[in-house]
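Throughout, read-outs are computed from the coordinates displayed, never taken from laboratory work. Just so we're clear, the structure is a prediction, and the values are computed from it rather than from any experiment. Reconstructed Cβ throughout: ideal geometry from the backbone, glycine too, with neighbour counts over all protein chains shown.
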Ligand SMILES: Cc1cc2nc3c(=O)[nH]c(=O)nc-3n(C[C@H](O)[C@H](O)[C@H](O)COP(=O)(O)OP(=O)(O)OC[C@H]3O[C@@H](n4cnc5c(N)ncnc54)[C@H](O)[C@@H]3O)c2cc1C
C-alpha cells in the first residue's frame, strides 16, 4: 500500500536504504544480539550515507528533508529488528530537543556530529523510583556559579552505554509547586566530571539495544548546557513525547506487517496431515483476522502521520495509536508464533525474536495505561 505522505523520492530513498541495510545490518544482526551491542561503526556508516538526522538544517549537516524520510528510516530499521530502536531515538526523539530548544551556539556545537554518528545521543527521564510519574523525578541540578551541580540516578536509558550526549530531565527547583514547574532539561556530555555509567541492563528482548543506568554525583554541568528555559522542561517533554509515541506506533505496525508476511510464507510451506498448514480453516481465519487488523491500523496510522507532518495537534490520536498498535502487535506475535508450531519457539526463526522484542513497546514512551489516562482526560472523563 502506498502511504499518502510519501512520494517517489521517498521510495527511491527507501530502496537505497534497504540496500545499505542488506549489506551493513541484516548479515550482522544476530551477532549484535549476541554481543548485546550495535558497533559504533554502524552509526558512522549510517551517518556517511546521510541516514542520521536528515531532517535538520543544512548548516548543521542535515539535508532539510521532510519527516516522511524519518518514517521510511524507522520502518526500514524495524524491518531489520526492533533492537535498532536506538538509532530512531537519536534521530527523531533526542536530536529534535536540540533543534527545537537549543541556542545557536548549542546547535553549532552538537548537531553536525549528531549527523555523522560521532555523537550518539540519549534522553534520561526515568529513575529507579519513578517512570510514569515524570513530575516526581528526584534528580536535582542546583546552580553554583557557572555550573549546575547534578545529583541523581537514571535507569532504563536507551543508548546509555554508548551515548556521548544525554538530555537529562532534572529538578532545578526541587520545591516547585506544582512539581512539574521545577523540571528542566540539561545536556550532559560524555566526559563531564561526576558522570558515570552504571550497569548495562540485561533485558528479556531487544538484546542488541544498549540500555543502561546513568549516575550523576556532584556532576558539574556548565550553565550553557541548559536546554531552553529553566522550569520549562516538563512542557518540552510533553511536546516532544508525541513524536516519540508516534515512532513507537510506526515500529509496532511495521513489526506486525513483517510478522504476518513471514507467517503467511511459513504456513504455505509447512505441511501437516498431507496438506499445507495454510489450508486449515483455523489458520486461514487467524491470518485473515490479523490481516484485517493490520490493514485497518495502517489506514489510521497513515492518516495520523500525515496530520503530524502537517503540524496538527495529534495528542489524542497518537495516544490511541500507541496503545492500540503496540497491544495488537503483541497479540499478533503470539498468534504468529503459534502458527509456526515448535519452530516458532526456536531462535533460528525470526518470529521467536519478534515475540520477545515486542512487549516492551507497550511499556516505553509512556505505558499503554498512561496513554489511556491521556485519552480519557481528552474525552472529558
Ligand atoms: C527497553 C527500555 C528502554 C527504555 N528507554 C528509556 C529511555 O531511553 N529514556 C527514559 O527516560 N526511559 C526509558 N525507558 C523507561 C520507560 O519509559 C518506563 O519504564 C515507563 O515509562 C514506565 O515507567 P516505570 O517502569 O517506572 O513503571 P511505573 O511507572 O512504576 O508503572 C508500573 C505499572 O503501573 C502502571 N501505572 C502507573 N501509573 C499509572 C496510572 N496513573 N494509571 C494506571 N496505571 C498506572 C503502569 O502503566 C505500569 O503498568 C525504557 C524502558 C525500557 C524497558
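Numbers at a glance
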item: Cα long-axis angle, helix 68-80 against the chain (0 to 90 degrees, to the nearest 10); result: 60
item: Gyration tensor verdict on segment 138-181 (Cα atoms; rounded if a/c is under 1.5, prolate if a/b is larger than b/c, oblate otherwise); result: oblate
item: Rounded if a/c under 1.5, otherwise prolate or oblate - segment 178-259, Cα gyration tensor axes; result: oblate
item: Prolate/oblate/rounded call for segment 1-119, Cα gyration tensor, a/c under 1.5 rounded; result: oblate
item: Convex hull projection area averaged over all views, segment 262-381, Cα basis, nm²; result: 8.9
item: Three principal axis lengths of the chain [C-alpha, angstrom, descending]; result: 79, 49, 40
item: Label-point separation, residue 334 to residue 218 (7 Å along Cα→Cβ), nm; result: 5.1
item: Order of 273, 285, 101 under a 10 Å beta carbon neighbour criterion, fewest first; result: 273, 285, 101
item: Area projected by the alpha carbon convex hull of segment 123-265, averaged over all directions, nm²; result: 9.6
item: √(5λ) per eigenvalue of the Cα gyration tensor, segment 105-198, largest first, Å; result: 23, 16, 12
item: The chain - mean residue ellipticity at 222 nm from DSSP helices (-39,500 (n - 2.57) per run, n ≥ 4, rounded to 500); result: -15500 deg cm²/dmol
item: Among 357, 164, 133, residue whose mean-square fluctuation peaks in a GNM of the chain (springs only between Cα atoms under 10 Å); result: 133
item: Tail beyond 17 Å, pair distance distribution of segment 155-214 (Cα, percent); result: 49
item: Pairwise centroid distance, computed over Cα atoms, of segment 65-139 with segment 335-376, Å; result: 23
item: Over segment 113-155: Rg over Rh, Cα atoms, Kirkwood Rh; result: 1.11
item: Taking N as its residue count, the alpha carbon Rg of segment 189-325 over 2.2 N^0.38 Å; result: 1.57
item: Spacing of the two label points (7 Å from each Cα toward its C-beta) at residue 116 and residue 144, in nm; result: 3.4
item: All-pairs Cα distance distribution in segment 50-179, expressed in whole percent, bin size 10 Å; result: 12, 36, 33, 17, 2
item: Residue of 159, 91, 177 that the Gaussian network model of the chain assigns the largest fluctuation, springs spanning Cα pairs under 10 Å; result: 177
item: Spacing of the two label points (7 Å from each Cα toward its C-beta) at residue 295 and residue 132, in nm; result: 3.6
